[in-house]
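Heads up: the structure comes next, in structure tokens.
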Amino acid sequence: MLIVNPAYPSITENMLVPGYWGELARPVSVGGRGGAWFVTTEFGDMVLREYRRGGMAARISAKSYLYTGWHETRSYKEFSVLEALFRKGLPVPEPVAARAVRHGIVYQADILLRRIIGAVPWPEATNMADEGLWFDIGKTIRRFHDAGLNHVDLNCDNILIGNGRVYLIDFDKCDIRGSEPGGVTEWKLKNLARLRRSLFKRMGGVDIEALWRPLMEGYHGVSRQGAMQSQG
């Protein structure tokens, strides 16, 4: 089972197999549970990721999931979320293709995405502790929340910095709950709490308590100039 972005009509199923690319594929070393590769293709630089379990479930089956229908597979759902966000002009990787391979009652899955060249995970950014960056990250998260995105794994490694922009990645198990501008609902607070916990785990060398304020000012739409004046 395969879904392909119409902009890439020559993509075939075997292109979602890492071995197909040989030396043109190299492992992604940061974040996640492994199973991701940077791939150099005739269509440009891509990221190929296979779906893997974490925690105790991985001991039972690292890469297999119960099959309940193509539209319920992890790959199809993430592709659909990404496609919707990309069409809205939000800063996400362009989805290229996704597949699921069924084996009886279980399946394995992969997804192929356009790589965002020049972007690095937030903890690796040279300006990772800059207040202006934290403000921009807050604004970006708010854009996604206003679009209804529930990012269930919003952590600092799933926020990329590059090209003067902030990007969100890794939408496995995420969902779009309709356009919800305005109020901060429980699921939005959970997203932010998860991000905050990840910051303490990955950025212990910066003053997270102090920097969280500009992030939330960006999230709540406080003007950067006004925020700086109030601090002064």
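The values are calculated or read from the model by the stated rules, or taken from the named source; none is laboratory data. Everything quoted here is computed from the prediction, not taken from an experiment. Note that we place each Cβ from the backbone using ideal geometry, even for glycine, and neighbour counts take in every protein chain shown. All accessible areas refer to the heavy atoms of the entire protein, side chains included, with ligands and DNA or RNA removed. Shrake-Rupley method; radii C 1.70, N 1.55, O 1.52, S 1.80 Å.
For segment 80-104, a residue qualifies if it is charged (D, E, K, R) and either touching a strand residue (DSSP E or B) at 6+ places or on another chain (Cβ under 8 Å) or part of a strand (DSSP E or B) (or both), and the qualifying residues are GLU83, GLU94, ARG99, ARG102. Residue pairs whose Cβ atoms lie under 8 Å apart, separated by 6 or more positions or on different chains, with the first residue in segment 1-30 and farther than 14 Å from VAL96 by Cβ and the second in a loop (DSSP other than H, G, I, E, B), are MET1/THR73. Considering only residues that are assigned to a loop (DSSP other than H, G, I, E, B) and either at pLDDT 95 or above or open to solvent by less than 40 Å² (accessible area, probe 1.4 Å) (or both), which ones fall in segment 105-123? Selection gives ILE105, ARG115, ILE116, ALA119. Total residues in segment 132-152 satisfying the condition of being open to solvent by 40 Å² or more (accessible area, probe 1.4 Å) and hydrophobic (A, V, I, L, M, F, W, C): the figure is 1.
Can you give me the number of residues within segment 153-180 that are outside any strand (DSSP E or B) and either more than 14 Å from the chain's Cα centre (by Cα) or surrounded by 15 or more Cβ atoms within 10 Å (Cβ to Cβ) (or both)? Lay out the reasoning, then the answer.
Restricting attention to segment 153-180, the residues satisfying the condition of being outside any strand (DSSP E or B) are 153-158, 163-164, 169-174, 177-180.
Checking the rest, the ones that are also either more than 14 Å from the chain's Cα centre (by Cα) or surrounded by 15 or more Cβ atoms within 10 Å (Cβ to Cβ) (or both) come to 153-158, 163-164, 169-172, 174, 177-180.
Of the residues in segment 153-180, 17 are outside any strand (DSSP E or B) and either more than 14 Å from the chain's Cα centre (by Cα) or surrounded by 15 or more Cβ atoms within 10 Å (Cβ to Cβ) (or both).
Based on this model, can you work out whether TRP21 counts as modelled with pLDDT of 85 or more, among the aromatic types (Phe, Trp, Tyr) and open to solvent by less than 40 Å² (accessible area, probe 1.4 Å)? Considered against the rule, which asks whether it is modelled with pLDDT of 85 or more, among the aromatic types (Phe, Trp, Tyr) and open to solvent by less than 40 Å² (accessible area, probe 1.4 Å), TRP21 comes out as yes.
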